[in-house]
Amino acid sequence: KQLAAFGSRWSGSRDELSAQISACTRCPLYCMATQAVPGEGPSQAALMIVGEQPGDQEDLQGRPFVGPAGQLFDRLAGEVDFARTTAFVTNAVKHFKFKPQGRRRLHQRPNTSEIDQCKWWLDAERATVQPKVILAMGATAATALTGDGRGIGTRRGRVSTLEDGTALILTYHPSYMLRLRDTDQRAQAEEAFRQDLALAHRLSR
Ligand code: URA
C-alpha cells in the first residue's frame with residue numbers, strides 16, 4: 001500500500017501509521033533492531049511526550065519506555081499525579097541503536113542523519129495526534145523538534161512554540177538522570193523534571 005501521505009501531511013489512520021513505522025527501512029537501524037517501536041497512547045492526546053529511541057527492553061517488547069528509564073519516568077509522573085496513559089508517548093527515533101558487546105547491547109546515540117530520517121514518522125505521529133503540548137525529553141528529542149540539541153540544562157522548563165502552534169517544553173531525559181551519581185544533582189534534576197512534566201500537563205488541559 002502506498003503511503004497515504006507523508007510526514008507532517010500524513011492523513012492515514014493510526015493503524016496504518018504503526019504498520020508503516022514497523023516496515024520502515026529509511027535508515028540502516030532497522031537491520032540490527034528486533035522491531036520498530038511506534039508511539040502509544042490515546043490518538044487524541046493533548047500531550048505528546050517524546051524520548052530518544054527504544055532501549056534494550058523496548059526493542060524486545062515493542063513498546064516505548066518499559067525499561068529502567070520508563071520506570072523512573074513512571075515514578076516521577078506518579079509523584080506529580082500524572083497518569084502516563086493520558087499522553088501519547090513516543091520516541092524521536094523508532095529503532096534501537098546499539099553496539100553488541102558479548103551478550104549485552106550497548107546503547108548508541110542516534111546521529112543527526114538517523115534523527116532526520118526518522119523525523120518523517122515523528123511528524124506523521126504529530127499530524128495524527130495533533131497534541132496541544134509536546135514535552136521533549138533530552139537532546140535527541142530536542143534536535144528532532146527544534147533542530148538544536150544543545151544544553152538541555154539551560155533550555156528546559158520554558159514554553160516555546162513550534163511552527164504549527166504546538167507548545168513545546170524541553171526537559172531532561174530519564175536515562176540522563178539515571179546516570180547521575182551525585183545524589184544532590186540527581187535530586188535537583190528529578191525536581192526539575194517533575195516541574196516540567198507538571199507544567200506540560202497543566203498547559204495541555
Ligand atoms: N529511552 C527512550 O528514549 N525511549 C524509550 O522508549 C526507552 C528509553
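The table below gives the values:
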read-out: Contour excess over end-to-end distance, with Cα ends at SER11 and LYS132 and 0.36 nm allotted per residue; value: 41.7 nm
read-out: Estimated dipole of the chain in Debye, rounded to 20 [Cβ of Lys and Arg +1, of Asp and Glu -1, Cα centre]; value: 300 debye
read-out: Extended-chain gain in nm, criterion 0.36 nm per residue less alpha-carbon gap, THR183 and ALA198; value: 3.2 nm
read-out: Proximal charge balance of PHE65 [Cβ under 14 Å; K/R count +1, D/E count -1]; value: -2
read-out: For ALA36, distant residues with modelled amide H under 5 Å away; value: none
read-out: The stretch 1-93 shape via C-alpha gyration tensor axes, a/c threshold 1.5; value: oblate
read-out: Nitroxide proxy distance, nm - points 7 Å out along Cα→Cβ at THR25 and GLU191; value: 5.2 nm
read-out: THR146 versus GLN108: modelled label distance in nm, points set 7 Å from Cα along the beta carbon direction; value: 2.8 nm
read-out: Under the Karplus curve 6.51 cos²θ - 1.76 cosθ + 1.60, θ = phi - 60°, whole-Hz ³J(HN,Hα) for the stretch 115-127, x wherever Gly or Pro sits; value: 4, 5, 4, 7, 4, 3, 6, 5, 5, 5, 5, 4, 5
read-out: Descending semi-axes in Å of the stretch 108-205, equivalent ellipsoid built from Cα gyration tensor; value: 23, 18, 10
read-out: Whole-Hz couplings from phi, Karplus 6.51/-1.76/1.60, listed for the stretch 59-75; x for Gly and Pro; value: 4, 6, 8, x, 9, x, 6, 10, x, x, 5, x, 5, 5, 4, 4, 5
read-out: Convex hull of the chain built on C-alpha atoms - directionally averaged projected area, nm²; value: 11.1 nm²
read-out: Mean ellipticity per residue at 222 nm, deg cm²/dmol - from DSSP H runs of n ≥ 4 across the chain, formula -39500 (n - 2.57); value: -12500 deg cm²/dmol
read-out: Lysine pairs in the chain with Cα atoms under 27 Å, if 8 or more residues apart or on separate chains; value: 7
read-out: Ordering of 102-115, 125-138 by burial proxy (mean other Cβ atoms within 10 Å per residue, highest first); value: 125-138, 102-115
read-out: Per-residue HN-Hα couplings for the stretch 136-150 [Karplus 6.51, -1.76, 1.60; θ = phi - 60°; Hz; x = Gly/Pro]; value: 9, 9, x, 5, 5, 4, 4, 4, 4, 8, 10, x, 9, x, 7
read-out: Sequence-distant residues sharing a close amide H with HIS107 (under 5 Å, placed H); value: LYS99
read-out: Built amide H within the under 5 Å cut-off of VAL66, gap 5+; value: GLU58
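Values quoted throughout were computed directly from the atomic coordinates according to the rules given, and no laboratory measurement underlies them. From a predicted model like this one, the values you see are computed outputs, not experimental measurements. Cβ atoms come from the backbone with ideal geometry, glycine included; neighbour counts cover every protein chain shown.
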